[in-house]
Amino acid sequence: MERCLQYKTNYKQMKSSVYDCVILPLNKIHNRAGNITIVEGQKNLPFNIERVYYLYDIPGGEARGGHAHKELRQLIIAASGSFDVLLDDGINKKVVTLNRPDYGLLIVPGIWRELMEFSSGAICLVLASRIYMPEDYIRSYTDFIDIKMKTHVN
Ligand code: TYD
């Protein structure tokens with residue numbers, strides 16, 4: 001019930017811009033036998049990690065994403081290979097190329113995103129602030145634009 005009440009669209013959180021989505025440099029401990037990067041919620045990320053998922057075996061030319069979130073925050077990392085992330089706040093668009101496992105792209109709520117141009121063998125690792133909730137998704141671009149326009153008057 002609490003979760004449902006929360007899902008009255010929170011216009012304050014949706015009032016975001018692509019410029020709020022930043023590249024976060026992560027740590028890297030290097031030695032002869034390879035590297036290790038550690039990500040800890042609240043410590044080097046501005047949220048607690050409730051869920052981790054990853055995309056892999058992505059056929060050439062395929063795109064993923066194509067939605068926005070109402071409350072979810074994510075850190076997207078190219079754990080292997082490279083791909084582009086198209087960010088869109090309804091006014092501005094920007095494309096970020098991810099190609100290093102020691103950098104992550106922070107995506108805030110209220111941003112339409114598409115992931116594309118996956119290299120062969122790319123792995124897209126996603127650290128997310130919430131468990132999976134279908135009601136947190138905005139999957140229609142026209143609905144997304146309607147909500148974003150309302151954030152300008154709210
Ligand atoms: P979807 O979010 O549509 O993938 P993408 O945005 O990367 O193209 O998710 C694909 C499928 O996986 C869809 O049926 C929902 C399911 N899914 C879960 O069950 N839990 C999750 O945490 C995620 C991310 C997806």
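Taken together, the values in this text are just the output of simple stated rules run on the coordinates, not laboratory data. Note that this is a predicted model, so its numbers are computed, not measured. Methodologically, a virtual Cβ is constructed for each residue, glycine included, from the backbone with ideal geometry; neighbour enumeration extends over all protein chains shown.
Could you give every pair whose Cβ atoms fall below 9 Å, whose first residue belongs to the stretch 109-130 and is free of Cβ contacts under 8 Å to residues at least 12 places away in the same chain, and whose second residue is within 11 Å of the ligand (Cβ to nearest atom), counting only separations of at least 6 or pairs across chains?
none
Any idea which residue in the stretch 53-64 is farthest from the ligand (Cβ to nearest atom), counting only those that are touching a residue at least 12 places away in the same chain (Cβ under 8 Å) and out of contact with any strand residue (DSSP E or B) (no Cβ under 6 Å at 6 or more places or on another chain)?
60
For the stretch 78-114, enumerate the residues that are β-branched (Val, Ile, Thr), within 14 Å of the ligand (Cβ to nearest atom) and assigned to a strand (DSSP E or B).
85, 107
Determine which member of the set 117, 135 is in contact with a strand residue (DSSP E or B) (Cβ under 6 Å, 6 or more places away or on another chain) and away from the ligand (no atom under 12 Å from the Cβ).
Going through 117, 135 in turn, the sole match is 117.
Could you please give the count of residues in the stretch 131-151 that are free of Cβ contacts under 8 Å to residues at least 24 places away in the same chain and of a type outside the set (D, E, K, R)?
Result for the stretch 131-151: 3.
Output the residue which, of all residues in the stretch 138-154 that are in contact with a strand residue (DSSP E or B) (Cβ under 7 Å, 6 or more places away or on another chain) and not hydroxyl-bearing (Ser, Thr, Tyr), is farthest from the ligand (Cβ to nearest atom).
The qualifying residue farthest from the ligand (Cβ to nearest atom) is 147.
Taking the options 34, 90, name whichever one is over 12 Å from the mean Cα position of the chain (by Cα) and crowded, with 19+ Cβ neighbours inside 10 Å.
90
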